[in-house]
Amino acid sequence: MKRTFGLLIVSLAIAQTTGLSHANAQETRRRLAGPVRRVRIADLKPASFSEEQRASTPMAVNQPPPKYKTLTLDDAIEIGIKNATLALKSQTNKEITGADLLLAYGQFLPNLEAKASFGYVHGRQFVGASTGVSDAVYREAQYGLSTSINLFNGFGDVSALNAAGSRNEAAKYSIEYAKQQIAIDIAQTYLQTYLSFENVRILKDNLQVSKNRLEFFQAQREVGVAAVVDLYRQEALTASDEFALIDARAVAYGQKLMLMQRLRIDPRENFEVVAPEISDRTIAQNFPAEKELVDDALKERKDLASQREMTDAFASDVTTARRTYFPRLDLVGTFGAIGREYDRFELTGAAPAQATNGGALPPMWEQLGSQTQASILLTLNWEIFDRFVTPNASRRASAFKRNAEIDLDDQTKLTVAQVRQGYSDYRAALAQVKATQIGVVSSKKAFEAIVARYDVGSSSFLDLTTAQATVFQSQLRNAQALVNLKLRS
C-alpha cells in the first residue's frame with residue numbers, strides 16, 4: 001500500500017512539473033501502480049541453494065535434467081580422507097615402518113638353518129691318519145641343522161628396536177596429521193564452493209532489483225515521464241549485473257568441479273553440494289585462553305608428536321652405530337649326520353698296500369640315522385679395526401640426531417606461532433561477522449530510504465545505484481565472514 005501511494009505521488013509530481021493534462025496524469029497513475037511494481041530487497045524470495053547449483057550447471061538444449069547425488073561436508077571429508085593421495089602415501093609409510101619394527105623384534109630370536117646334500121665322488125686324496133693316499137669311488141649324503149642366538153652385541157639390537165618403534169609411532173602420528181590436513185583442505189574447498197553459490201544467489205537478487213527498476217523506468221517512458229538518461233543508465237547497470245551473475249555461475253560451477261577433483265571422484269557424475277549450517281550462533285564463542293590453547297597444541301599436535309618420535313629414533317641410531325665398539329657374543333648349536341656308500345676304495349702309502357670295498361659298512365640311509373653329531377658352541381668376536389667404518393657411522397648418526405633436534409625446536413616454535421595466529425584470526429573473524437551483520441541491516445535501511453527520496457526527487461540516480469551496490473556488497477562480505485569464521489573455528 002505504501003509503495004503504491006509513493007508511486008502515485010511521483011506520477012502526480014511529474015505530471016505537474018511537465019504540464020500533463022488531467023487525463024495523462026490518470027494514465028500515469030494507472031500504469032505506474034499497475035502490474036509493474038518495484039520489489040524491495042526484503043520482498044525477494046531467493047532460490048534455494050540446490051536450485052542455484054542446478055541453474056549454474058551447463059546443459060545442452062532439450063537435455064533432460066540430470067540426477068543429482070547429495071554431498072554434505074561430512075561426506076566430503078570422509079571421501080577425501082579415504083581417497084586422498086597424501087593419506088594413501090602415509091598409510092604406505094606406516095606399513096614400511098611396521099615391517100621394520102617386526103624385523104627389529106626378530107633380531108632377539110634365534111635363527112634356524114637347515115641344509116642337505118647328495119653327491120658322487122671319484123678320485124684320489126690324502127688320508128692323514130694312515131699316511132697314505134686313497135683312491136675311491138663312492139656316494140655321499142649329509143644333512144644338518146644349525147641355530148644361533150646373539151647374547152650381546154653392544155646394545156645394537158636394543159637400540160635398533162627402539163628406533164624402529166619410534167619410527168613406527170611417528171608414522172602413526174603422520175597418518176593422523178595427514179588426515180587432519182586433508183580434512184582442513186577439503187573443508188576449505190567445500191566452504192569455498194558454498195560461498196561461490198552464495199555469491200550467485202546474492203548477485204541474482206541484485207539483478208532482480210535492477211530488472212524491476214528497469215521495468216519501472218520503461219513504464220515511465222511509455223507514458224512519457226521517464227528521465228531518458230536514468231533509463232539508459234539503468235539498462236547499462238542491469239546488463240552489468242547480468243554479466244556479473246553469469247560470471248559468478250561459471251566460477252561456482254568450476255569451484256564445484258575442483259571440489260570433485262580434490263575428492264578424486266568421477267567428475268562426470270552430478271553432485272549437489274548441501275549447504276552447511278553456518279551461523280555465528282552455532283559456533284562456540286567462548287574460546288579458551290590463548291595460553292591454554294598453546295599448551296594443548298604442544299601436547300596434542302600430531303605433527304609435533306611425530307617429530308618427537310623421529311628425534312628419539314635418531315638418538316637410538318647413534319647407539320646402533322656404535323655397537324661394533326663392543327665384542328659380539330653368540331650361542332651356536334648344530335646337529336647333523338653324514339653317510340657314504342663305496343663302490344671301490346684303495347689305500348696306498350707307507351704301510352703295505354690295501355685294497356677294499358670300504359669294509360662292512362651299513363647302508364647309507366642307515367648311517368644317516370645312526371651316525372649323528374651335535375655340538376653347542378659359545379663364540380666371541382671382536383673386530384679390533386674396521387677401517388674407520390664404525391667412527392664414520394657414529395659421526396653420521398650424531399649429525400642426523402642434531403638435525404632432528406633442530407627440526408623439533410623449529411616445529412615447536414612454529415606450532416606456538418600458528419596457534420597464536422589462529423587465535424587472533426578467530427577473534428578477528430568473529431568481529432568481522434558482527435560488523436558485516438550490522439552492515440547488512442544498515443545498508444538495507446539506507447537503501448530503502450534512498451529509494452523513497454529518489455521517488456520524490458530528493459536523491460540522484462547515482463545515490464540510488466550506490467546504495468544498491470552497498471547492500472549487496474555487505475551481503476557478500478557477511479557470507480564471506482561467516483565462511484571464514486567456520487574455517488577458523
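Of K302/K401; K172/K299; K82/K204; K256/K291; K444/K486; K299/K401, which sit over 27 Å apart, Cα to Cα?
Numbers: K302/K401 20 Å; K172/K299 16 Å; K82/K204 36 Å; K256/K291 38 Å; K444/K486 25 Å; K299/K401 22 Å.
Violating the 27 Å Cα-Cα cut-off are K82/K204; K256/K291.
Please state the relative contact order of the range 97-224 as a whole percent: Cα pairs under 8 Å, 6+ residues apart? Don't skip to the end; give the middle numbers.
Details: 83 pairs, mean separation 31.1, N = 128.
Across the range 97-224, relative contact order equals 24 percent.
What list of ³J(HN,Hα) values in whole Hz, one per residue of the range 270-276 in order, does the Karplus curve 6.51 cos²θ - 1.76 cosθ + 1.60 (θ = phi - 60°) give from phi, with Gly and Pro shown as x?
Working through the residues one at a time gives 9, 10, 10, 6, 7, 5, x Hz.
Quick one: compute the contact order of the range 318-477, relative version, from alpha carbon pairs under 8 angstrom and 6+ residues apart, as a percent.
Relative CO of the range 318-477 lands at 22 percent.
What aspartates and glutamates does K89 reach when the alpha-carbon gap must be under 15 Å and sequence neighbours fewer than 8 apart in one chain are set aside?
E176
Tabulate in residue order the Karplus-calculated ³J(HN,Hα) for the range 400-407, using 6.51 cos²θ - 1.76 cosθ + 1.60 with θ = phi - 60°, rounded to whole Hz; enter x for Gly and Pro.
4, 5, 4, 4, 5, 5, 5, 4
Read the figures in this text as sums done on the coordinates, not as results from a lab. It should be emphasised that the depicted structure is a prediction, and the values quoted were computed from it without experimental measurement.
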